[in-house]
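The values are calculated or read from the model by the stated rules, or taken from the named source; none is laboratory data. Predicted, not measured: the structure shown is a model, and the values here were computed from it. Because the Cβ atoms are built from the backbone with ideal geometry, glycine has one as well, and the counts that use them run over all protein chains shown. Note: areas computed on protein heavy atoms with side chains; ligands, DNA, RNA excluded. Shrake-Rupley method; radii C 1.70, N 1.55, O 1.52, S 1.80 Å.
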Amino acid sequence: MPTTDPTPITGLHHITAISGPPQPNVDFYVRDLGQRLVKKTVNFDAPDVWHLYYGDHDATPGSILTFFPFIGARRGHAGPGMTSAFGYGVAPDTFDSFAGRLKGTLTERFGAKVLRLSDPDGLAVELVADADADNTPGAFHSATLWLNDPEPTARLLADGFGYAEAGTERSAGGERLRMELPGTGPGRIIDLWRADATERSIPGAGTIHHIAFRARDDAHQDDLRERLIGLGMDVTPRIDRQYFNAIYFREPGGVLFEVATDPPGFAIDEAPDALGTALKLPPQYEPRRAQIERVLPPFKVPG
Ligand code: ZN
């Protein structure tokens with residue numbers, strides 16, 4: 001039997017999405033939003049594609065957004081069975097400066113101001129001024145899952161990870177059920193969005209591939225894996241992702257979930273002050289470094 005307490009996790013670890021060419025992506029997340037590029041590596045399953053990691057200054061789990069940029073990728077469209085948006089927390093007293101500088105749509109949700117932006121590939125990025133959230137610069141506030149039926153997903157989040165329902169809110173086009181973890185950590189809110197209209201999801205640039213939840217270490221991940229299997233989920237064995245260990249499963253609404261460990265972290269192969277400055281390859285691709293460097297599309301990080 002799982003031995004974890006009823007509140008087994010603290011929040012999101014990372015979010016992974018697909019983008020078009022890297023340069024507009026880097027410009028948006030680094031120059032416009034102030035994130036730090038904390039790791040430049042390749043897709044471990046296809047090393048001719050970048051894997052770019054953005055985070056807060058210290059590359060803290062709960063702030064990590066990663067992209068697979070494909071030149072010429074067809075633009076996708078969020079819909080049921082996908083994570084359709086994510087939010088960064090911003091301190092309420094800095095919200096107006098973001099809203100004045102960035103072009104987006106202003107709205108309000110559960111009493112907090114929200115600035116809804118579109119990244120260069122059309123991905124919905126929200127800045128949320130929630131006084132009750134962790135507003136460390138660069139940390140996630142929440143992620144939104146688009147679901148035809150939120151109930152089975154709500155149950156899974158509660159029984160598997162310790163989330164509790166925190167209210168529903170109707171707004172233009174649908175209804176949102178908020179699921180929340182206790183505590184003060186980053187990324188402890190998951191909103192389950194049911195749209196009034198039927199839409200089709202199309203994977204591609206500007207869509208989120210998966211979201212990952214935090215495990216403290218391998219033992220905690222084992223515990224969560226056992227718990228999830230007990231709830232009927234089909235969970236992969238552990239996969240070494242160099243900066244964390246990962247397990248994956250599809251939740252009942254069709255969204256791809258991952259559980260990722262905090263250790264070893266992003267400073268395993270680069271000094272903290274040099275994060276994101278050099279192309280880092282896992283050991284199996286080091287012999288092919290010169291060839292990989294030739295095919296990766298170049299980009300410049302705004303200074
Ligand atoms: Zn992942």
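Taking region 52-65 only, how many residues are in a strand (DSSP E or B) and either without any contact (Cβ under 8 Å) to a residue 40 or more places away in the chain or surrounded by fewer than 22 Cβ atoms within 10 Å (Cβ to Cβ) (or both)?
Summing the residues that are in a strand (DSSP E or B) and either without any contact (Cβ under 8 Å) to a residue 40 or more places away in the chain or surrounded by fewer than 22 Cβ atoms within 10 Å (Cβ to Cβ) (or both) in region 52-65 gives 2.
If you go through region 125-146 and keep only what is in contact with an Asp or Glu (Cβ under 8 Å, 6 or more places away or on another chain), in a loop (DSSP other than H, G, I, E, B) and not hydroxyl-bearing (Ser, Thr, Tyr), you end up with Pro137, Gly138, Ala139.
Within region 93-124, the set of residues being part of a helix (DSSP H, G or I) and among the hydroxyl-bearing types (Ser, Thr, Tyr) comprises Thr94, Ser97. Check region 31-38 and report whether any residue there is surrounded by 16 or more Cβ atoms within 10 Å (Cβ to Cβ) and within 16 Å of the ligand (Cβ to nearest atom). For region 31-38, residues surrounded by 16 or more Cβ atoms within 10 Å (Cβ to Cβ) and within 16 Å of the ligand (Cβ to nearest atom): present.
Thr10 satisfies every condition listed in (1) away from the ligand (no atom under 16 Å from the Cβ); (2) on the phi > 0 side of the Ramachandran plot except (2). Of all the numbered requirements in (1) modelled with pLDDT under 95; (2) open to solvent by 20 Å² or more (accessible area, probe 1.4 Å); (3) at negative phi, Gly72 misses one, and that requirement is (3).
When Val38, Val26, Val49 are screened for being of a type outside the set (Lys, Arg), at pLDDT 95 or above and in a helix (DSSP H, G or I), only Val26 passes. Taking region 10-23 as the range and being at pLDDT 95 or above, assigned to a loop (DSSP other than H, G, I, E, B) and within 15 Å of the chain's Cα centre (by Cα) as the test, only Gly11 passes. Are any of the residues in region 198-213 in contact with a helix residue (DSSP H, G or I) (Cβ under 7 Å, 6 or more places away or on another chain) and either of a type in the set (A, V, I, L, M) or surrounded by fewer than 17 Cβ atoms within 10 Å (Cβ to Cβ) (or both)? Scanning region 198-213 turns up no residue that is in contact with a helix residue (DSSP H, G or I) (Cβ under 7 Å, 6 or more places away or on another chain) and either of a type in the set (A, V, I, L, M) or surrounded by fewer than 17 Cβ atoms within 10 Å (Cβ to Cβ) (or both). Asn245 passes every criterion in (1) at pLDDT 95 or above; (2) under 26 Å from Glu169 (Cα atoms) apart from (2).
Every residue, every condition in (1) under 17 Å from the mean Cα position of the chain (by Cα); (2) farther than 22 Å from Gly303 by Cα, yes or no:
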| residue | (1), (2) |
| --- | --- |
| Pro8 | no, yes |
| Asp58 | yes, no |
| Ile64 | yes, no |
| Ile71 | no, yes |
| Thr83 | yes, yes |
| Phe86 | yes, yes |
| Gly89 | yes, yes |
| Glu108 | no, yes |
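If you filter region 259-296 down to residues that are β-branched (Val, Ile, Thr) and either farther than 18 Å from Pro47 by Cβ or within 16 Å of the ligand (Cβ to nearest atom) (or both), you find that the one that is surrounded by the most Cβ atoms within 10 Å (Cβ to Cβ) is Val259.
In region 96-112, which residue that is charged (D, E, K, R) and open to solvent by 70 Å² or more (accessible area, probe 1.4 Å) is nearest to Gly167 (Cα to Cα)? If you could, list the steps in order and put the result at the bottom.
Within region 96-112, the subset charged (D, E, K, R) is 96, 101, 103, 108-109.
Among the residues that remain, those that are also open to solvent by 70 Å² or more (accessible area, probe 1.4 Å) are: 96, 101, 103, 108.
Working: Asp96: 27, Arg101: 32, Lys103: 29, Glu108: 15 Å.
Restricting to residues being charged (D, E, K, R) and open to solvent by 70 Å² or more (accessible area, probe 1.4 Å), the top hit is Glu108.
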